[in-house]
Amino acid sequence: MTVLLVLAAPAFAQEDADARLVKPRADMPAGQPPTDSGTSMPTPQAAETLGPAEHAAFAEAVDVSAFSKLAVFDAGRVKIVDTLAREQLQRIYGKERWRSPWTGRKYDPTFTYLDLLLHPEYYDDKPLVHVDVLPLRRRLVEHLPEGEREFWLKVGRLSPQLLGSPQAANLLMGRDIEPGLFGAQQATLQAVMHLDAIGGRLRLVSPGPGGEKWTYPWAGMDHDHTGEPPDAHAGEAEPADAEAAAELRSILRELGPAWRAGEAGEVNELLDRLVATVPTVNPQSYPARSKLTLEWIYNFTHRFTLGYLAYAAGTLALLLAFATTSKWLFRTGGVLLGVGFLVHTAGIVVRAVLTGRWPIHNQFESFVAITWFAVLVGLIFMFARRQGLFGAAAGALGTCALLVANMMDIPSSGMGRDMPILATSQILYVHVNVVLASYALIGLGFFISLWYLLVHYFAGPGGGAGGGGGDGVVRFAAAGLGQIDSDTGEAATDRSAMLNGLDRAQMVVLQLAFWLLGLGILLGAYWADHAWGRWWGWDPKETWALITWIIYLIAIHTRFSVRRRGLVTAWLSVIGFFIMLWTYWGVNLLLAGLHSYA
Amino acid sequence: MSAKYRRVKQADLDLPAPLRWLTRAFSSITLAVILLLLVALWGLLGTIPLRMLAIGGLDAAVVFAAAGVAAGLIYLLTRGGISVVRGIAAGLLLAGATVAAVRGVMAVHDRAVASSWLQEHASTVIYQLPAFEMTMTEYYGWWPMDLLLLLFVVNMVWATIRRIEFSFVNIGVLSVHGGIVLLAIGAMVYGRFKVEGDTVIHRRDLGGGFVSSFYGTAEPAIYLATSRGEKMIPVPDLPRYNDYAPGELDIRLHERQNAGSVLGENLRVTIPGFYAYAEPVSAWRPAAETDPQASPAIRLAMERQQTGEAAEFVLAADRPAERVLENRLWSIQYLVDPGEKRLKELLTPVPGGGHGLIVEVPGEDFREVYAIEPGQTIEVGDTGYALEIEDIGPYPIPFVSEGYQDARDTRAVVKVEGPGKTFTRMAMNRYPERSQDFSGSGGGPAPMMGPMGERSDPDPAIRLVYLDGSQMQYYLVGESPEDEQLDLIVRLGGQSRPMHRQLPDDGFPVPTGGQGLVMLRIAEHWPAAKQVMEPRPVPEAERDSRAEGQYGESLLPVDVELDRPADAGGPWRERVWLHFMRYPMPSMASGNHRPRTVELPDGRTLRLTFSRERHALPFAMGLEDFEMQSYEGSDIPRDFVATLLIGDLSESGVMRQMPDRHVISMNHPLMYEAANAPLGLQRVKISQVEWDPPRRDDPQAEAKNADGRFINQQRYTVVGIGNNVGISIIWAGGGLALAGIPWAFYLKPLLVRRRKRTSQEPPAGREDSADADAPAASAEPAGMQS
């Protein structure tokens, strides 16, 4: 794929684009190739291109699962092809799985990666490079006819051909662009660069004896990957098994043509041979199968974020247990929460094993680790106090956390290099994590406070007078607090005692959160003094962290001056939680400031 | 209520009324909560742009209205004792009311979203409004905020003294409160003595000297320099974020800082306005006819009916370079009173079309018009002159002669052989008065010798006027500057004769390249106009938000006025537009960002620089070496390392000893302690903050010398200068507060519980609250109401 080359030669690109412009339409029926016979001449290449249905069938028939578990050296560490493919597609396409706008089918990342490598022409006119910022996208397609423009605006990704057009090249090379779009322009250029470099990254062959460098077995082959590959180890240590190296070369020679011809059977056979051969070229340096499998599991479970399922089920079971006071449900809930927690833990441990470092170095890792910490705190309280409600709160928090980690694209979810600014200082690192820990506890406290409000408003005074089901609620809440009379199965305590208990529970968590937040802010000030030369700069993030802290400061002090302090605290905890969310997410998204990386 | 507070309150009863209320108020927690909420509100207003604030507020109102219904319904349903029918009726009523409320708010919301004022202020924070014009630091350091914090501290101290038992168990809460007081004191000291800024130091091996001053981060200043010296005038009252047309401000620099010592008595320098984010454009504006720079001018409007395209051009008759509008096909000129002779020339037809040459030999009363082409020779009647056309075409460079700068013309190069003389005549088309003769062979040592020979004014014995036939020529001719009814002379070339008629009101057509005709008409006529620099505010969408409030993109008009007696010409005035310079040094000038020099009519010069306030340092720094360290195998910068030579200065500004060598890099600043430094500058932090970045437009930006060093990068460093007076008080306070919290939260309840177990009596200062886990429980478990 030579988008950059095209960018550098807009005049050439113009002819190219004029000759080969193939216009996909949004209203095209599924299964039809995206050609428009009316205005443009399909070139031979375009004519040979598979239709969406054939392409889907080919993807269906090709089995890349074994190939995706091969080791590959990339960005300073050994990973599996699956990871590399996911990361690269994330960078190029904005998501890990390419989706055909015509069939709606989502493709395996490894398949798309190989497809981009072996059959790049197919993507020339397909939505491939993500341009997230709408104004830039609009500018990049403004020269197109209206219907076509609508299509690209809707899919949110542009084709390599479109990005190679002179108009787009002008914009991307920095001429003729508003300063406000610089960031978006750089991001798009990055995506294009990743697309151009896609082949060179596939360093599949482990180092030869005495060598250190992994090599890219296609190196030196021509555009169609048909030519005789030069010795893959040129300038490197001799391969341990020359025969295997020769076998690898012959497989690679055949793979490209077979792939482009859509011969799924032959491709599968070649991939099988490839998978068997690659580890044998230099077996002494090839990574252990177990580690590769571990990474595959890590990817397959979406970095273990699927643990939210166990958390959610556990939380639900606990809630049901409170309602029914069924010991069986109670135990089930506890076990499920334990499972969720183990998966959560595994996500952290496996990441540590895979990256070879302590995994709280970037936003994704911090988010996962910190919510893990809050869940741990909740579980400890649950067992220490024999109060299920802590477990339910922890489970709810864990569900939300892993769900967010699963669904949303948190920066640095890939295992790359640290954010340079975070790597420079231990204090900054501690600051960020202490603040995040307090945020997580605020989240935990929020769920307990919700519990408090539930009891307060739904359990009628005196144990449920009136027909609103107050009895049930009292029993429900009592069960959460572990205060069920084992003989009668009824609440062993009254409403006000229970509210007292809940108040104490929320205070335990919020006090810790309050202290950690104060500590985190002060550490931040200490770091800012060193790094920026002023301890407090009223940066929006700073200001909002202070406002969050003030809310809890007020919560602690109003307890001395109001009658229903539990209720006031619970409400302040709810308000504080939303302010914390704003501080954590909103400020970064909507306000400019120095904290944009954290 | 603590036993202590009960005792104290009892004693309060003896106080007179206002004093009693005051002490009650400052003992209350309610006041603290209100003050804290106000601080939070201050922060909210200071961080969220107005548009987001308005829309967010309205959205919140919608949510509250909806939540109100939900709460109401829940209340009705859980209250009990209400019949189903009534419940449903009440629910419907509530729902209806809420829908109405939500729709009302949504309508306001929509109007707010569409409001142009809010659109304009999509990224404006409250302190940027014209009424404030503050930096963020100024906003948070403004007196209302200071007052809030002061009241809070007083409140906290007073409440602590009056309510909290000074006992062992309360060490936690006391240290938290004490710590916060300490922190507040530290912050006050810090704010009082804080300096923050930066300076630039050039490498000594490239000629850089020692630097003993720095520039405050956000403190604008104007530097005035005359032969009497330089004066820095700080202008803290200069706006930052909003535009003020000239006349809306009146900042008199000459009345400040003893500026007279540099300016003298009769020179006034004022700032009449300010543009926060603008670019300079030049525009023609009406002027006094006596103004030497004024010229009669017309504004031509060009409209293409089919496409609606429009363009405007101004032609100024007295400015040779400005009186012409031309393209490949045609040329349009605006002439005022060109004289009978010139008019006649312009109306002279060329036989056969093409280029023409009018030849006049006044002595012989000879006049003839020839169609010419290069290489042609002409016998000029029987005057004895013979001409050879050597070349026809554009004069290769714009004129540089006084008054004709930047004008372009075409010419015929004619070799003239006449009675007893031979020379080459350069005959001009548009500006025949600029025609010249060249004699000799060229290249010689004579002073007027150019490549074509010795230059001289045209020989009056023979007059040659070149008429360019390569373009269609349109002339708009006025009899006087005031003449609004212009004549139109058109020379289309070819077989058609020149046309002369009155210019129609609806204009005249000119051809366009292959796309038919376009109409040109005179949109405006000024008897006298001149070109002035005007600011064009950059639209919000095109702004780089990082530059806002930083002056980097601002335009500052400065009026320089000289009082002169009437016999010396009367008062004199000039307006200059200044661009901001980060450092007020001519060596750091780039593009428009440079000092402006005003030539005063009395012969003096005044140099004006718009930059930042300079502060003296008690030491001097030189840059011995400056290097970028990159990530291995790449040019991506990892760190910048500056080797500084630093030596203390004496009172008279002389270095007292050999400077010491210090190395600083990113995140590794130097704390420098200078001897005999004034308060606040005893300990100065010097940090590596910036470097000279490669200039994108410089093709040599990445060039390296033989040692592998960049030639055009890392020539100078920018170091940050800061102090931290009182920072240790802040840390002590913060540390104390944080250490006290666990005591109050976790240790104290244990202590209280143990004491309770060992003693039957309730512990001192404690009411019979069952809540042992409550923080600082003995301070005040119950209400404030008394």
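The values are calculated or read from the model by the stated rules, or taken from the named source; none is laboratory data. No experiment lies behind these values; they were computed from the predicted model shown. For neighbour counting, all protein chains shown are included, and Cβ atoms are generated from backbone atoms with ideal geometry for every residue, glycine included.
Would you say B:ILE741 is at pLDDT 75 or above, crowded, with 20+ Cβ neighbours inside 10 Å, within 10 Å of another protein chain (Cβ to nearest Cβ) and outside any helix (DSSP H, G or I)? Against the criterion (at pLDDT 75 or above, crowded, with 20+ Cβ neighbours inside 10 Å, within 10 Å of another protein chain (Cβ to nearest Cβ) and outside any helix (DSSP H, G or I)), B:ILE741 does not qualify. Being hydrophobic (A, V, I, L, M, F, W, C), within 11 Å of another protein chain (Cβ to nearest Cβ) and assigned to a strand (DSSP E or B) is a property that B:ILE730 lacks.
Scanning region B:241-259 for residues that are in a helix (DSSP H, G or I) and either without any contact (Cβ under 8 Å) to a residue 24 or more places away in the chain or charged (D, E, K, R) (or both) gives B:HIS254, B:GLU255. Looking across region B:45-54, the residues that are part of a helix (DSSP H, G or I) and more than 7 Å from every other protein chain (Cβ to nearest Cβ) come down to B:LEU45, B:LEU50, B:ARG51, B:LEU53, B:ALA54. Among B:ARG256, B:ARG319, B:ARG285, B:ARG323, which is under 28 Å from B:GLN531 (Cα atoms) and surrounded by fewer than 18 Cβ atoms within 10 Å (Cβ to Cβ)? Within the list B:ARG256, B:ARG319, B:ARG285, B:ARG323, the selection yields B:ARG285.
Restricting attention to region B:536-562, the residues that are of a type in the set (Asp, Glu) and modelled with pLDDT of 90 or more total 3. Checked against (1) within 32 Å of the chain's Cα centre (by Cα); (2) more than 14 Å from every other protein chain (Cβ to nearest Cβ); (3) touching a residue at least 40 places away in the same chain (Cβ under 8 Å), B:GLN700 passes all but a single condition, namely (3).
Condition check: under 21 Å from A:PHE577 (Cα atoms), within 13 Å of chain B (Cβ to nearest Cβ) and either surrounded by fewer than 17 Cβ atoms within 10 Å (Cβ to Cβ) or modelled with pLDDT under 90 (or both). Does A:ARG504 satisfy that? Answer is yes for this residue.
Matching residues to (1) among the hydrophobic types (A, V, I, L, M, F, W, C); (2) over 23 Å from B:TYR431 (Cα atoms); (3) outside any loop (DSSP other than H, G, I, E, B):
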site	(1), (2), (3)
B:LEU357	yes, no, yes
B:ARG367	no, no, yes
B:GLY375	no, yes, no
B:ILE389	yes, no, yes
B:GLY393	no, no, yes
B:PHE399	yes, no, no
B:GLU402	no, no, no
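Condition check ((1) surrounded by 13 or more Cβ atoms within 10 Å (Cβ to Cβ); (2) modelled with pLDDT of 90 or more) across all residues:
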{"site": "B:LEU606", "(1), (2)": "yes, yes"}
{"site": "B:ARG614", "(1), (2)": "yes, yes"}
{"site": "B:ASP639", "(1), (2)": "yes, no"}
{"site": "B:MET655", "(1), (2)": "yes, no"}
{"site": "B:PRO678", "(1), (2)": "no, no"}
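The set of residues in region B:664-689 that are in a loop (DSSP other than H, G, I, E, B) and not small (Gly, Ala, Ser) comprises B:MET666, B:ASN667, B:PRO669, B:ASN676, B:PRO678, B:LEU679, B:LEU681, B:GLN682.
Does region A:239-260 contain at least one residue that is at pLDDT below 80 and within 20 Å of A:GLY76 (Cα to Cα)? No - not one qualifying residue is present in region A:239-260.
Note on region B:439-471: residues that are at pLDDT 90 or above, among the hydrophobic types (A, V, I, L, M, F, W, C) and assigned to a strand (DSSP E or B) amount to 3. Evaluated against (1) within 14 Å of chain A (Cβ to nearest Cβ); (2) outside any helix (DSSP H, G or I), B:ALA40 falls short on exactly one condition, (2). Screening A:ARG559 against (1) modelled with pLDDT of 90 or more; (2) facing chain B (nearest Cβ under 7 Å); (3) closer than 19 Å to B:ALA32 by Cα leaves a single unmet condition, (1).
Only one entry in B:ALA528, B:ALA566, B:ALA523, B:ALA541 is touching a helix residue (DSSP H, G or I) at 6+ places or on another chain (Cβ under 7 Å) and of a type outside the set (Lys, Arg), namely B:ALA541. Quick one: is B:SER545 polar (S, T, N, Q) and within 14 Å of chain A (Cβ to nearest Cβ)? Yes.
Looking at region A:477-501, which of its residues are modelled with pLDDT of 80 or more and among the aliphatic types (A, V, I, L, M)? Of everything in region A:477-501, those that are modelled with pLDDT of 80 or more and among the aliphatic types (A, V, I, L, M) turn out to be A:ALA497, A:MET498, A:LEU499. When region B:33-49 is examined, which residues are found to be free of Cβ contacts under 8 Å to residues at least 40 places away in the same chain and within 14 Å of B:LEU151 (Cβ to Cβ)? Hits for region B:33-49 are B:VAL33, B:ILE34, B:LEU37. Do we find that B:HIS668 is modelled with pLDDT of 80 or more, surrounded by fewer than 18 Cβ atoms within 10 Å (Cβ to Cβ), under 29 Å from B:GLY191 (Cα atoms) and within 14 Å of another protein chain (Cβ to nearest Cβ) in this structure? In short, yes. A Cβ distance below 7 Å, combined with a sequence gap of six or more or placement on separate chains, defines the contacts here; from region B:669-685, residues that are within 14 Å of B:GLY647 (Cβ to Cβ) reach residues that are surrounded by 12 or more Cβ atoms within 10 Å (Cβ to Cβ) and among the hydroxyl-bearing types (Ser, Thr, Tyr) in the pairs B:VAL684/B:TYR672. Within the option set B:TRP526, B:TRP577, B:TRP572, being more than 24 Å from the chain's Cα centre (by Cα) and within 30 Å of B:GLU230 (Cβ to Cβ) holds for one residue only, B:TRP572.
The residue that is surrounded by the fewest Cβ atoms within 10 Å (Cβ to Cβ), counting only those in region B:24-36 that are under 46 Å from the mean Cα position of the chain (by Cα) and more than 7 Å from chain A (Cβ to nearest Cβ), is B:ILE34.
One residue alone among A:LEU567, A:LEU510, A:LEU572 is more than 30 Å from B:TRP731 (Cβ to Cβ) and more than 9 Å from every other protein chain (Cβ to nearest Cβ), and that residue is A:LEU567. For region A:171-198, filtering for residues that are of a type outside the set (Val, Ile, Thr) and at pLDDT below 75 leaves 10. Residue count for region A:562-591, restricted to those that are touching a residue at least 12 places away in the same chain (Cβ under 8 Å) and in a loop (DSSP other than H, G, I, E, B): 1. Going through A:LEU517, A:LEU499, A:LEU553, A:LEU522 one at a time, which residue ends up being buried (at least 23 other Cβ atoms within 10 Å of the Cβ) and either at the interface with chain B (Cβ under 9 Å from one of its Cβ atoms) or part of a helix (DSSP H, G or I) (or both)? After ruling out the rest, the residue left standing is A:LEU517. What about B:THR609, is it in contact with a Leu (Cβ under 8 Å, 6 or more places away or on another chain), away from chain A (no Cβ under 14 Å), part of a strand (DSSP E or B) and free of Cβ contacts under 8 Å to residues at least 12 places away in the same chain? Answer is no for this residue.
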